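Only the coordinates and a few stated rules stand behind these numbers; no lab work does. Since the structure is predicted, the reported quantities are computational estimates derived from the model, not experimental observations. Cβ sites come from the backbone with ideal geometry, for glycine too, and all protein chains shown count toward neighbours.
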Amino acid sequence: MISNARHTRLAPRAAFVPLALVLVLSACSSTFDALPEKMGGLPDSAPRRSAEPLPFPNVYQVRPTREAKPLDDTEQKKLESELTTLREQQKQLATSPPPPAPPPPPPPAAKKAAPTKTTAPAKKKQNDAVVPEQKGIAPPPKMVN
């Protein structure tokens, strides 16, 4: 049986175009610092690139031997016990202490002499401004031009 459908060879080309675009743009990425900031370049406040590249570490170089020796079993156990005791002390310090006991009531003192004359507080005039905590009518605020 013969098919009359046309074979589309556009699909491989459509996949190639974005790949080529990515490769071209990645090749230009090292020059973005020379572009103006509006076109995607680095701002003036960005740190400058070093003139010489960083040295690559030598993989085949032999590491120096350690001067400190590893702990033996007794030292390891002693260190672990010290750390656990320190951890427990820190936990005890972190927990809040119980609230202090209330202070004892003061001893009964001799009766004080009652004041002979008390003055009543002066009444406020209706024109005075009233503090919001106080009850009463507050006058409307004055308009300022």
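Only counting other Cβ atoms within 10 Å, I'd like PHE56, PHE16 sorted with the fewest neighbours first.
Ordered by Cβ neighbours within 10 Å, fewest first: PHE56, PHE16.
So how far apart, in nm, are the two label points at ALA14 and ARG48 if each is 7 Å from Cα heading toward Cβ?
4.9
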